[in-house]
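So the structure is just underneath, and the comments pick up after that.
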Amino acid sequence: MDEVCIVSMLNTEFNLEGKAALVTGASSGLGAHFCKILAERGAKVVVTGRREDKIKNVASEIRKKGGEAISIPLDVTDNNSIKWCFDEAENAYGVVDIVSNNAGVAKPEKALSVDEESWDKVVDTNLKGVWLVSTEAARRMILKKVNGSIVNTSSIQGLRVAMDRASYAASKAAVIQLTKALALEWSEHKIRVNALCPGFFFTEMTENYFTNPKFSKYLSSLVPKRIGNMDEITAPFLLLASNAGSYVNGISIPVDGGHSLGKM
Ligand SMILES: NC(=O)c1ccc[n+]([C@@H]2O[C@H](COP(=O)([O-])OP(=O)(O)OC[C@H]3O[C@@H](n4cnc5c(N)ncnc54)[C@H](OP(=O)(O)O)[C@@H]3O)[C@@H](O)[C@H]2O)c1
């Protein structure tokens, strides 16, 4: 294949025109970034999250740049909220073809001192939310015979562990297994399910940690010696979300500059 053909093939495979995409946890950080790149590739984007002002801003930024987006409030721990959100999304853009299960919370806590309420909040958001949103999406895709792609945001803490993150690490490891289980069940319906395992990215979730003076010393001891730029998760995300990844199913890709190879 000559160079011109490869470029044109990549443009076609990564093209998301005519697709409807829904991103959870899109009011900030990685989720807001995913919405913007989905819209840049031509998808109609449903920006969701609990903070309505923030999701409205993300959708309006996309529209100002010529993209297509709406915002719909969504709490991934509340099944009624999920059903309502998918109804609204479907009314606006038709059946959702691409889902990014990205909502997440993290709370540094020792396993001996974490209380049940805090444990449940982390696991319900990071794990149960992925199951609830994925099954709602898949039911609708299967009913309308839509080939779909689901991209879950796990973490390198789903692969390795760090101090004081038992609930978070357990929830993110479970997302990796859930990704495989759903991919296995839904491949016959042509719904692919994959995950990303990000390393360190600067977002609302991590900013306090990253701005702690002790962090720069720790960072210099890691394999990549730096945090990731948002642009460095763009291509891995698009590979899984788009047809470019049509033969990629059930995997979880670390996007961490090699962080998970070394010290956590
Ligand atoms: N940043 C990193 O270095 C890193 C590394 C590995 C994995 N991750 C994962 O990446 C994902 C995005 O995190 P981020 O780093 O971008 O942090 P972030 O900016 O704090 O984003 C987290 C998002 O989750 C949403 N959220 C929390 N609880 C929710 C709920 N019950 N229902 C719906 N949305 C909810 C928040 O929106 P609302 O408050 O508006 O609902 C927010 O938009 C998370 O799953 C996180 O675990 C991040």
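The values are calculated or read from the model by the stated rules, or taken from the named source; none is laboratory data. Every value quoted in this text rests on a predicted model; they were computed, and no experiment measured them. FYI the Cβ positions are ideal-geometry reconstructions off the backbone, even for glycines, and counts take in every protein chain you see.
Suppose the filter is within 13 Å of the ligand (Cβ to nearest atom), in a helix (DSSP H, G or I), hydroxyl-bearing (Ser, Thr, Tyr) and modelled with pLDDT of 95 or more; does Ser171 pass it? Quick ask: steps written out before the conclusion?
On the way: within 13 Å of the ligand (Cβ to nearest atom): yes; in a helix (DSSP H, G or I): yes; hydroxyl-bearing (Ser, Thr, Tyr): yes; modelled with pLDDT of 95 or more: yes.
Yes, satisfied.
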message = Is it the case, given these coordinates, that Asn79 is closer than 19 Å to Ser171 by Cβ and either within 16 Å of the ligand (Cβ to nearest atom) or in contact (Cβ under 8 Å) with a residue 24 or more places away in the chain (or both)?
response = yes
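Of the residues that make up segment 41-48, is at least one in contact (Cβ under 8 Å) with a residue 60 or more places away in the chain and either within 19 Å of Ile150 (Cα to Cα) or not aliphatic (A, V, I, L, M) (or both)?
To start, the set of residues in segment 41-48 that are in contact (Cβ under 8 Å) with a residue 60 or more places away in the chain comprises 41.
Keeping just the survivors that are either within 19 Å of Ile150 (Cα to Cα) or not aliphatic (A, V, I, L, M) (or both) gives 41.
Looking through segment 41-48, at least one residue is in contact (Cβ under 8 Å) with a residue 60 or more places away in the chain and either within 19 Å of Ile150 (Cα to Cα) or not aliphatic (A, V, I, L, M) (or both).
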task = Take segment 57-72 and flag every residue that is over 19 Å from Ala241 (Cβ atoms) and either surrounded by 23 or more Cβ atoms within 10 Å (Cβ to Cβ) or modelled with pLDDT under 95 (or both).
result = Ser71
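Just checking, does segment 4-13 include any residue being in a helix (DSSP H, G or I) and among the charged types (D, E, K, R)? Write out each step before concluding.
So in segment 4-13, the residues in a helix (DSSP H, G or I) come out as 4-13.
Then drop every residue that is not among the charged types (D, E, K, R), which leaves 13.
The answer is yes; a qualifying residue exists.
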Residue within segment 79-88 that is crowded, with 23+ Cβ neighbours inside 10 Å and either among the small types (Gly, Ala, Ser) or in contact with a His (Cβ under 8 Å, 6 or more places away or on another chain) (or both) present = no
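Each row is one residue, and each column tells you yes or no for (1) within 12 Å of the ligand (Cβ to nearest atom); (2) modelled with pLDDT under 95.
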{"position": "Asn91", "(1), (2)": "no, no"}
{"position": "Val96", "(1), (2)": "no, no"}
{"position": "Lys107", "(1), (2)": "yes, yes"}
{"position": "Thr125", "(1), (2)": "yes, no"}
{"position": "Glu136", "(1), (2)": "no, no"}
{"position": "Asn152", "(1), (2)": "yes, no"}
note = Asp75 fails exactly one of (1) farther than 24 Å from Asn208 by Cβ; (2) surrounded by 14 or more Cβ atoms within 10 Å (Cβ to Cβ), namely (1)
inquiry  = Among the residues in segment 158-165, are any within 15 Å of the ligand (Cβ to nearest atom), assigned to a helix (DSSP H, G or I), under 16 Å from the mean Cα position of the chain (by Cα) and modelled with pLDDT of 95 or more?
reply    = yes
message = Restricting to segment 213-242, and then to whatever is under 24 Å from the mean Cα position of the chain (by Cα) and of a type in the set (S, T, N, Q), can you tell me which residue is nearest to Leu10 (Cα to Cα)?
response = Ser242
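Only one residue in Ala69, Ala103 is over 19 Å from Ile191 (Cα atoms), within 13 Å of the ligand (Cβ to nearest atom), of a type in the set (A, V, I, L, M, F, W, C) and touching a residue at least 24 places away in the same chain (Cβ under 8 Å). Which one?
Values: Ala69 fails: within 13 Å of the ligand (Cβ to nearest atom).
One residue alone meets the criteria, Ala103.
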key: Identity of the residue in segment 175-223, in a loop (DSSP other than H, G, I, E, B) and within 12 Å of the ligand (Cβ to nearest atom), that ends up surrounded by the most Cβ atoms within 10 Å (Cβ to Cβ)   = Gly199
